[in-house]
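Shown next, in structure tokens, is the structure this report addresses.
The values are calculated or read from the model by the stated rules, or taken from the named source; none is laboratory data. Just so it is clear, the structure is predicted and the values come from calculations on it, not from any experiment. Positions of Cβ are backbone-derived with ideal geometry, glycine not excepted, and every protein chain shown enters the neighbour counts. These accessible areas exclude ligands, DNA and RNA; they are computed on the full protein's heavy atoms, side chains included. Shrake-Rupley method; radii C 1.70, N 1.55, O 1.52, S 1.80 Å.
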Amino acid sequence: MRRLLSLTRLWTLIVKESIQMRRDRMTFGMMIGIPLVQLVLFGFAINTDPRDLPAALVSPTQDRFTRAMVSALELTGYYRFVAPDATAAEAEAMISRGDVVFVVTVPSDFGRRVEKGAEPSILIEADATDPSVASGAISTLGTVAQEALRRESGVSVPAPPLNVVVHRRYNPEGVTQYNIVPGLLGVILQLTMVMMTAMALTRETERGTMETLLSMPATPLEIMLGKVVPYLAVGAVQVAVVLISAKALFSIPMVGALSVILAGVFLFVLALVILGYLISTVARTQMQAMQMTFFFFLPSLMLSGFMFPFRGMPGWAQALGEVFPLTHFLRLIRSVMLKGADAATVSQSFVALTIFVLVLSGAALLRFRRTLD
Amino acid sequence: MSAPAIRVEHLTKRFGDRTVVDDVSLEVGTGEIAGFLGPNGSGKTTTIRLMCGLLEPDGGSGRVLGHDILRERGAIKRRVGYMTQRFSFYEDLTIRENLDFVAGLYGMRNRRAVVSDTLHDLGLHARRDQLAGALSGGWKQRLALAACVMHKPDLLMLDEPTAGVDPKARRDFWDEIHRLAAEGLTVLVSTHYMDEAERCHRINYLSYGKLVARGTVAEVVRDAGLTTVILEGQGTAQAARLLRGQPGVEQIAPFGNSLHVVGRDGAALRDTARRVAGQSGTRMTEAETSLEDVFIQLMGDAQDNMA
């Protein structure tokens with residue numbers, strides 16, 4: 001009995017622990033599932049040297065030199081011209097929304113200048129809010145375009161040197177914080193809001209107060225709003241803190257209208273809080289609620305475009321990324337804060353977030369059990 | 001008597017393949033204190049939850065205070081006070097905050113006054129800012145009862161309200177229940193304690209989800225048709241050994257220096273007891289059958305049915 005380690009006792013403890021582990025199916029499933037899902041998901045989806053980046057081409061003449069250059073650019077694997085014949089205004093809207101990362105503008109006198117041997121020039125505008133995205137593409141650009149031009153002109157007439165004008169839009173100095181800090185607003189809100197509300201209803205169930213609550217006349221909508229509204233207020237405080245420090249500590253430019261930013265933040269926080277509430281109608285213990293929150297949190301962090309360029313992920317991963325409110329919020333906040341987009345430009349993100357709010361609250365109200373069944 | 005406060009018929013509730021409440025029909029008259037008895041896991045709590053709209057029955061129907069238990073849960077909740085088995089108010093709120101919360105949910109007018117009156121009635125006014133979690137078992141129970149009756153319900157459902165409460169607090173609690181009933185409130189109370197069962201106007205005995213006995217205490221004892229004899233003296237231990245398995249003997253329970261022997265077949269029981277009394281040198285007397293004897297018998301019967 002006085003031995004420090006009895007194998008019988010140790011074995012008994014191990015057996016008991018294993019039984020408990022097996023009974024808690026949720027935890028067990030997550031222990032097996034999370035590594036697998038994350039390995040597959042992130043292993044394939046994450047790409048720090050993003051390729052196939054969407055680009056728009058503004059070229060009023062569309063001559064053979066332009067076509068040659070465009071196909072050469074596509075061959076590098078960096079560019080994918082999703083809008084090969086855009087007007088300047090369309091291209092501007094697309095880059096502002098984040099639909100394209102590059103806008104290549106070929107002036108109408110381009111072909112003439114090549115033929116005359118006068119120095120032709122093209123303009124490449126890159127969305128530099130995330131400085132890492134554009135760097136690879138831009139570095140290959142000059143030589144590839146020059147090469148294409150030389151081939152197209154033939155041997156007889158030597159191609160004149162090409163003048164490539166690069167505009168790193170929105171973040172000319174390539175300051176990483178410009179991209180990260182607005183994103184962090186989304187990430188911080190997501191972690192705290194979802195987790196806090198996920199606990200809210202589960203705590204009532206766990207402590208037994210749910211029974212009293214249900215035996216009194218309160219409707220499911222009242223109970224949900226009663227949980228959601230206080231956390232919205234907490235979210236408002238967080239938003240104020242982050243936005244003020246963004247300005248004061250990191251000097252993040254705030255180009256867009258504050259009202260649009262706040263409207264977006266409000267929708268986002270609402271979606272998060274209701275998501276948390278939905279989790280708390282499913283989870284039976286606070287521990288489970290916590291686990292579910294993390295199960296949701298990690299992929300959304302990876303696939304939303306916060307840590308890795310969204311446009312650099314394969315198509316299926318981008319499609320998956322669309323199911324996270326964070327993805328739409330990041331698009332919105334970066335567009336408005338850094339690019340000065342107006343409400344109309346980011347209306348897609350607003351619509352997406354509104355859909356989240358409606359679908360999640362519908363699901364939460366359906367999930368809510370009026371009885372203890 | 002006016003319309004019954006509770007009338008449910010063929011109430012059934014299953015959890016998975018376990019039938020927890022099995023075809024229970026129950027009637028409780030207005031102004032009556034109805035006891036709800038039965039061993040642990042007999043379905044008392046589930047039946048109460050079914051009747052106050054907290055669970056959806058798998059079968060059966062019924063009316064509580066004239067409202068349909070399936071369709072008019074909202075109306076039932078407004079007129080019923082339900083006190084849960086486990087203290088289920090907010091331990092991290094103060095006493096006053098808890099009462100104020102309840103008053104608000106019932107949409108009471110002049111909430112402040114109602115809460116203040118309740119605090120005075122409870123004798124908790126001085127401790128109103130104490131956290132509910134810091135209260136002792138007896139005080140928690142008083143707080144819970146006060147919170148349940150604050151909205152002046154017509155029916156009170158109490159689920160083992162006196163579990164873990166000392167005898168003095170239990171006595172006070174029952175005095176309060178009788179006072180409320182005298183004012184016209186109907187009370188349904190579940191309990192394990194026999195002395196509490198005897199304080200009820202009528203009792204209903206539930207065993208393995210089935211209602212196996214009901215009526216006044218006297219009726220239940222009479223209907224059981226049991227005979228009880230007592231053996232007293234030095235040789236009770238030996239007598240107990242001799243009685244086991246003999247004709248007519250169904251229960252043997254030692255109480256100090258005496259032995260209660262119970263059975264349905266009175267004649268056989270008396271013969272056996274007389275014989276054993278002679279052998280063991282104990283003295284036999286006839287006794288009244290107690291409610292507890294009846295319940296032990298009912299529990300044994302139900303277990304036999306399960307096997």
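General observations
- Any chance A:LEU189 is surrounded by 19 or more Cβ atoms within 10 Å (Cβ to Cβ) and within 21 Å of the chain's Cα centre (by Cα): yes
Quick grid of which residues meet (1) under 19 Å from the mean Cα position of the chain (by Cα); (2) of a type in the set (Lys, Arg); (3) farther than 30 Å from A:ARG151 by Cβ:
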site	(1), (2), (3)
A:GLY29	no, no, yes
A:LEU36	no, no, yes
A:THR48	yes, no, yes
A:LEU53	yes, no, no
A:VAL58	no, no, no
A:PHE65	no, no, no
A:MET69	no, no, no
A:LEU73	no, no, no
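- A:LEU232 being open to solvent by 20 Å² or more (accessible area, probe 1.4 Å), within 14 Å of chain B (Cβ to nearest Cβ), touching a helix residue (DSSP H, G or I) at 6+ places or on another chain (Cβ under 8 Å) and in a helix (DSSP H, G or I): no
- Subset of the stretch A:318-373 [of a type in the set (S, T, N, Q), touching a residue at least 60 places away in the same chain (Cβ under 8 Å), more than 16 Å from A:LEU272 (Cβ to Cβ) and more than 14 Å from chain B (Cβ to nearest Cβ)]: A:SER335, A:THR345, A:GLN348
- Hits in the stretch A:300-319 (condition: of a type outside the set (A, V, I, L, M) and open to solvent by 20 Å² or more (accessible area, probe 1.4 Å)): A:PHE306, A:PHE308, A:PHE310, A:ARG311, A:PRO314, A:GLY315, A:TRP316, A:GLN318
- Search result, residues across the stretch A:336-373 that are closer than 18 Å to A:LEU221 by Cα and open to solvent by 80 Å² or more (accessible area, probe 1.4 Å): A:LEU358, A:VAL359, A:LEU366, A:ARG367, A:ARG369, A:ARG370
- Among the residues making up the stretch A:38-48, a single one is within 15 Å of A:TRP316 (Cα to Cα), among the aliphatic types (A, V, I, L, M) and free of Cβ contacts under 8 Å to residues at least 12 places away in the same chain: A:VAL40.
- Checked against (1) of a type in the set (Gly, Ala, Ser); (2) crowded, with 22+ Cβ neighbours inside 10 Å; (3) closer than 16 Å to A:SER135 by Cα, A:GLY98 passes all but a single condition, namely (3).
- Filter result (assigned to a helix (DSSP H, G or I) and surrounded by 10 or more Cβ atoms within 10 Å (Cβ to Cβ)) within the stretch A:5-14: A:ARG9, A:LEU10, A:TRP11, A:THR12, A:LEU13, A:ILE14
- Annotation: A:ILE34 fulfils all but one of (1) farther than 21 Å from A:THR293 by Cβ; (2) surrounded by 10 or more Cβ atoms within 10 Å (Cβ to Cβ); the unmet one is (1).
- Checked against the criterion of being of a type in the set (Gly, Ala, Ser), within 19 Å of the chain's Cα centre (by Cα), at pLDDT 90 or above and not in a loop (DSSP other than H, G, I, E, B), the stretch B:194-203 contains not a single residue that satisfies it.
- When B:SER258, B:SER207 are checked against the criterion of being under 30 Å from B:SER42 (Cβ atoms), assigned by TED's automatic domain parsing to the domain that holds B:SER190 and among the hydroxyl-bearing types (Ser, Thr, Tyr), a single residue qualifies: B:SER207.
- Residues of the stretch B:182-192 that are open to solvent by 10 Å² or more (accessible area, probe 1.4 Å) and in contact with an Asp or Glu (Cβ under 9 Å, 6 or more places away or on another chain): B:GLY184, B:LEU185, B:HIS192.
- Looking only at the stretch A:207-226, and only at residues there that are β-branched (Val, Ile, Thr) and either within 7 Å of chain B (Cβ to nearest Cβ) or open to solvent by less than 20 Å² (accessible area, probe 1.4 Å) (or both), the one that is farthest from the chain's Cα centre (by Cα): A:THR212
- Single unsatisfied condition, A:ASN47 versus (1) open to solvent by less than 60 Å² (accessible area, probe 1.4 Å); (2) over 30 Å from A:VAL101 (Cβ atoms): (2)
- Of the residues A:ALA93, A:ALA89, the single one that is without any contact (Cβ under 8 Å) to a residue 40 or more places away in the chain, of a type in the set (Gly, Ala, Ser) and either closer than 19 Å to A:ASN163 by Cβ or part of a helix (DSSP H, G or I) (or both) is A:ALA89.
- All strands (runs of 3 or more DSSP E) inside the stretch B:247-307 with 1 or more residues being surrounded by fewer than 14 Cβ atoms within 10 Å (Cβ to Cβ), out of contact with any Asp or Glu (no Cβ under 7 Å at 6 or more places or on another chain) and free of Cβ contacts under 8 Å to residues at least 24 places away in the same chain: B:251-255
- Residue match in the stretch A:152-168 (condition: in contact with a strand residue (DSSP E or B) (Cβ under 7 Å, 6 or more places away or on another chain) and assigned to a helix (DSSP H, G or I)): no
- Here the stretch A:173-186 is the region considered, the condition is being farther than 17 Å from A:GLY340 by Cα and open to solvent by less than 10 Å² (accessible area, probe 1.4 Å), and the residue that is farthest from the chain's Cα centre (by Cα) is A:LEU185.
- A:ALA240 being out of contact with any helix residue (DSSP H, G or I) (no Cβ under 6 Å at 6 or more places or on another chain) and away from chain B (no Cβ under 14 Å): yes
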